[in-house]
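The values are calculated or read from the model by the stated rules, or taken from the named source; none is laboratory data. All values derive from a computational prediction rather than experimental measurement. Neighbour counts are summed over all protein chains in view; Cβ atoms, including those assigned to glycine, are modelled from backbone coordinates with ideal geometry.
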2 protein chains.
Amino acid sequence: MPDDRSKVTIYDVARRAGVAISTVSRVLNESPDVSTETRKRVTIAIEALNFRPDRRARQLAQQGSPTLAIAIPTLTTPFHTSLLKGIRVHLREKDLDLLLCDLGSRERHVALVQFLQRGAVSGLMLVGLKVTEDIAAELKSMGAAVSIIGYQHGDFDSYWWDDVEGARRAVTHLAGLGHQRIGMIRSSSDSRTQIRRIDGYRAALQAAGIPFRPELIASGHTEKHAGYSEESGYEAMKKLLVLDEPVTAVFCTSDAQAMGAWMALREQGIRVPEDIALVGYDDVKTSRFVGLSSMDQAMQQVGEQAVTRLLDRMSGNLNEPAGSFCHTPELRVRSSSTFRRA
Amino acid sequence: MPDDRSKVTIYDVARRAGVAISTVSRVLNESPDVSTETRKRVTIAIEALNFRPDRRARQLAQQGSPTLAIAIPTLTTPFHTSLLKGIRVHLREKDLDLLLCDLGSRERHVALVQFLQRGAVSGLMLVGLKVTEDIAAELKSMGAAVSIIGYQHGDFDSYWWDDVEGARRAVTHLAGLGHQRIGMIRSSSDSRTQIRRIDGYRAALQAAGIPFRPELIASGHTEKHAGYSEESGYEAMKKLLVLDEPVTAVFCTSDAQAMGAWMALREQGIRVPEDIALVGYDDVKTSRFVGLSSMDQAMQQVGEQAVTRLLDRMSGNLNEPAGSFCHTPELRVRSSSTFRRA
DNA sequence: GTCGTTTCTGGAACCGCTTTCCGTGACAAT
DNA sequence: ATTGTCACGGAAAGCGGTTCCAGAAACGAC
């Protein structure tokens, strides 16, 4: 009743209920061997004192914490938004804490490893991070359940996308509209993802009988801008616009890039899709509302799938070997790519 | 050297360095009374064993954890993106963990309180949450540093915006373009923010000599959509379009709403800004790239300011009474509201 | 009525680290 | 030779729980 607070511990509860602390602990952990009678007394005491077990102490004692951590290189992009959305639903039910490790783009490795080594994490989700061998070793030695999103690694549950096929679909779509000069806006990194999307781009061109021209691939490399950002898309588009033979369609490796590109076009009075068609990647929510065609990676579902399986592993219910789940991006056609060329 | 792992404790380090555990602890906590010589030996041992102090044990012992928690009702909107951006920079330097408490929209109160009572948080940022008196009491009793963003409460450091003025500026801008029938798209909630923005809307109309018509205020109330979402903006715009006398400009209380509204307009072949002008709120990053006028709330700066002060409080360097920091949103004019009426 | 079980509970060690309280030896200052 | 730092060791008491072990009570069976 008295909301005095200032550290209500398990001892207070024990005293109040007239039992030993071990008994209180049993009640807390729903141990079967405690009489209904005592359990009730304890429960009432807990209620009355408004007691909540201390997360840290608990974790310390039972070696292994019910904490799920998510490590993301760039948390602050809308790209991960729906992923988190898928995750948080399942998290609410369980009594888990979400620890966020926002790795900067630089020194990701170091930050991550330090984070892990400090322990206190029983489940970890890595998002959009290249898992090098030393990181992999680190992950294994920490003995936590791990799932990797956006990268494929045989030793862990990984969820990834068929980037070749995704790019192929996007570009095939553009070629199908009659475009012959299809540009590509990419990030300047040489990540697996980027390479595969370029492969897909080439494959689609080849299938359509369009020659591949490296000069049609641009990236807006800037010191201060991340490769997938609006700014870089803006820069890249400008590069494409000064070519002798201009492009009539552009495939971008992110929606943000596409937005930036779109702005560059608008500034020059170039219409989308009449003059230039645009297709993005990620299918961010706003794309639907601005009419940007995009590749849907079903982020939310992937998030749900990953977290469900991860929670199973954490609770020890799942012991099968690491799985690899590949999703194929779906094209969402919107107004930015609806105009058919002659 | 051997990466054997499996719990390297402070004892291992002590043994390896040939010192007592208390000395190791002193080194860890940068106590002044330890010779440079010994310090180096210990540091080397730590390095060699790859030892990281256990976060939980540490926190438990030194009563008070270096953990910053952020509670957000709806993490998954781009609205908070730049806020987090401002926060994380400062967080990287310190050795803090970021605990995320994503309150669902429902039962916010319960979720938050439970979260807090489990302790282990020395700093807390509440974002976009109405601080009721019981929550306030809760916050005080937990003895952590608290800062509130997007709401004003005298007992805590709070960072908020002058919503009346923000709305007034937006609408004044529209009136200045010659618009007479200016609609408003709001969320269906009766939050402080909403009420104030309506006040600002009225004030601006009055100043411009335009009569206030309640039927020009619409909200896209839907069971499944949050009030600030694209979907609700879309719905609301549709309502405004079926009015006898249509509006020529719309002020939206979020950029997402504006995006949704814009889509509704596009579907009907209504041009922006020629037929209808649009102004949003929040100045989300993509707004800049799609050309949506908006009210800039300087989220990133607010995030930085708040976290800086919060960290000061957490470290005990700051003891002055709670401050209240009010920011005034700035209008960013873009193409969605550049057309001047006759 | 005694013995073996089962059931419930109390006591105590322990998780990994911090911190306090001496105590000691070394070395410089007086 | 005495007094004072300075740097460190050793031991022990937490922090708030969990968990193992043993003992007490309750129960049924012979």
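Against the definition (at pLDDT 95 or above and of a type in the set (Gly, Ala, Ser)), how does B:Ser219 come out, yes or no?
In short, no.
Tell me, which strands (runs of 3 or more DSSP E) wholly within region A:278-342 include 2 or more residues that are in contact (Cβ under 8 Å) with a residue 24 or more places away in the chain and either surrounded by 24 or more Cβ atoms within 10 Å (Cβ to Cβ) or on the phi > 0 side of the Ramachandran plot (or both)? Before the answer, list the steps.
Numbers: elements: A:294-296, A:324-327, A:330-332.
Ranges flagged: A:294-296.
Identify all residues within region A:31-41 that are within 11 Å of DNA strand D (Cβ to nearest atom) and either assigned by TED's automatic domain parsing to the domain that holds A:Leu310 or surrounded by 14 or more Cβ atoms within 10 Å (Cβ to Cβ) (or both); write none if there are none.
Listed by number, the list holds a single entry, A:Val34.
Scanning region A:13-30 for residues that are farther than 25 Å from A:Ala144 by Cβ and surrounded by fewer than 17 Cβ atoms within 10 Å (Cβ to Cβ), which turns out nearest to DNA strand D (Cβ to nearest atom)?
Quick first cut of region A:13-30, residues farther than 25 Å from A:Ala144 by Cβ only: A:13-24, A:26-27.
Those still in the list that are surrounded by fewer than 17 Cβ atoms within 10 Å (Cβ to Cβ) too: A:15, A:18, A:20-22.
On the way: A:Arg15: 12, A:Gly18: 15, A:Ala20: 8, A:Ile21: 5, A:Ser22: 3 Å.
Per the criteria, the residue is A:Ser22.
Limited to region B:24-69, what total is found for residues that are over 38 Å from the mean Cα position of the chain (by Cα), of a type in the set (Gly, Ala, Ser) and assigned to a loop (DSSP other than H, G, I, E, B)?
Residues in region B:24-69 being over 38 Å from the mean Cα position of the chain (by Cα), of a type in the set (Gly, Ala, Ser) and assigned to a loop (DSSP other than H, G, I, E, B): 1 in total.
For region A:42-61, name all the residues that are within 7 Å of DNA strand C (Cβ to nearest atom) and either in contact with a His (Cβ under 6 Å, 6 or more places away or on another chain) or not small (Gly, Ala, Ser) (or both).
Selection gives A:Leu60 alone.
Scan region B:176-197 for residues that are surrounded by fewer than 20 Cβ atoms within 10 Å (Cβ to Cβ) and under 23 Å from B:Thr338 (Cα atoms) and report the count.
Initially, region B:176-197 is screened for residues surrounded by fewer than 20 Cβ atoms within 10 Å (Cβ to Cβ), giving B:176-178, B:180-181, B:188-192, B:194-196.
Next cut, under 23 Å from B:Thr338 (Cα atoms) only: B:176-178, B:180-181.
Final tally of qualifying residues: 5.
For region B:44-65, does any single residue satisfy the condition of being in contact (Cβ under 8 Å) with a residue 24 or more places away in the chain, β-branched (Val, Ile, Thr) and either surrounded by 18 or more Cβ atoms within 10 Å (Cβ to Cβ) or away from DNA strand D (no atom under 11 Å from the Cβ) (or both)?
Yes: one or more hits.
Looking for something more than 10 Å from DNA strand D (Cβ to nearest atom), modelled with pLDDT of 85 or more and either part of a helix (DSSP H, G or I) or surrounded by fewer than 18 Cβ atoms within 10 Å (Cβ to Cβ) (or both) - is there at least one such residue anywhere in region A:71-78?
Taking every residue of region A:71-78 in turn, none turns out to be more than 10 Å from DNA strand D (Cβ to nearest atom), modelled with pLDDT of 85 or more and either part of a helix (DSSP H, G or I) or surrounded by fewer than 18 Cβ atoms within 10 Å (Cβ to Cβ) (or both).
Can you find, within region B:16-41, the residue that is farthest from DNA strand C (Cβ to nearest atom) among those that are closer than 21 Å to B:Gln62 by Cα and aliphatic (A, V, I, L, M)? Lay out the reasoning, then the answer.
Within region B:16-41, the first condition is being closer than 21 Å to B:Gln62 by Cα, and the residues that meet it are B:20-34.
If we keep only those that are aliphatic (A, V, I, L, M) as well, we get B:20-21, B:24, B:27-28, B:34.
Working: B:Ala20: 8, B:Ile21: 5, B:Val24: 7, B:Val27: 9, B:Leu28: 4, B:Val34: 11 Å.
Result: B:Val34.
I want to confirm something. Restricting to region B:200-222 and keeping residues that are assigned to a helix (DSSP H, G or I) and of a type in the set (Gly, Ala, Ser), which single residue is surrounded by the fewest Cβ atoms within 10 Å (Cβ to Cβ)?
Narrowing region B:200-222 to residues assigned to a helix (DSSP H, G or I): B:200-207, B:214-216.
After this cut, where a residue has to be of a type in the set (Gly, Ala, Ser) as well, the list is B:200, B:203-204, B:207.
Numbers: B:Gly200: 24, B:Ala203: 17, B:Ala204: 24, B:Ala207: 12.
Restricting to residues being assigned to a helix (DSSP H, G or I) and of a type in the set (Gly, Ala, Ser), the top hit is B:Ala207.
Against the definition (over 23 Å from B:Ile70 (Cα atoms) and either surrounded by 24 or more Cβ atoms within 10 Å (Cβ to Cβ) or modelled with pLDDT of 75 or more (or both)), how does A:Glu165 come out, yes or no?
When the stated conditions are applied, A:Glu165 passes them.
Can we say A:Gly209 is of a type outside the set (A, V, I, L, M, F, W, C) and either within 29 Å of the chain's Cα centre (by Cα) or outside the structural domain of A:Ala175 (by TED's automatic domain parsing) (or both)? Walk me through it before giving the result.
Numbers: of a type outside the set (A, V, I, L, M, F, W, C): yes; either within 29 Å of the chain's Cα centre (by Cα) or outside the structural domain of A:Ala175 (by TED's automatic domain parsing) (or both): no.
No, not satisfied.
Working only within region B:182-206, note down all residues that are at pLDDT below 95 and either over 27 Å from the mean Cα position of the chain (by Cα) or acidic (Asp, Glu) (or both).
Scanning region B:182-206 gives a single hit, B:Asp190.
So, B:Arg266, is that one of a type outside the set (Val, Ile, Thr) and out of contact with any Ser or Thr (no Cβ under 9 Å at 6 or more places or on another chain) or not? Write out each step before concluding.
Working: of a type outside the set (Val, Ile, Thr): yes; out of contact with any Ser or Thr (no Cβ under 9 Å at 6 or more places or on another chain): no.
Spelling it out, it is not the case that B:Arg266 is of a type outside the set (Val, Ile, Thr) and out of contact with any Ser or Thr (no Cβ under 9 Å at 6 or more places or on another chain).
Given the conditions (1) in contact with a Cys (Cβ under 6 Å, 6 or more places away or on another chain); (2) at pLDDT below 95, which single one is not true for B:Ala258?
Only one criterion in (1) in contact with a Cys (Cβ under 6 Å, 6 or more places away or on another chain); (2) at pLDDT below 95 is unmet by B:Ala258, namely (2).
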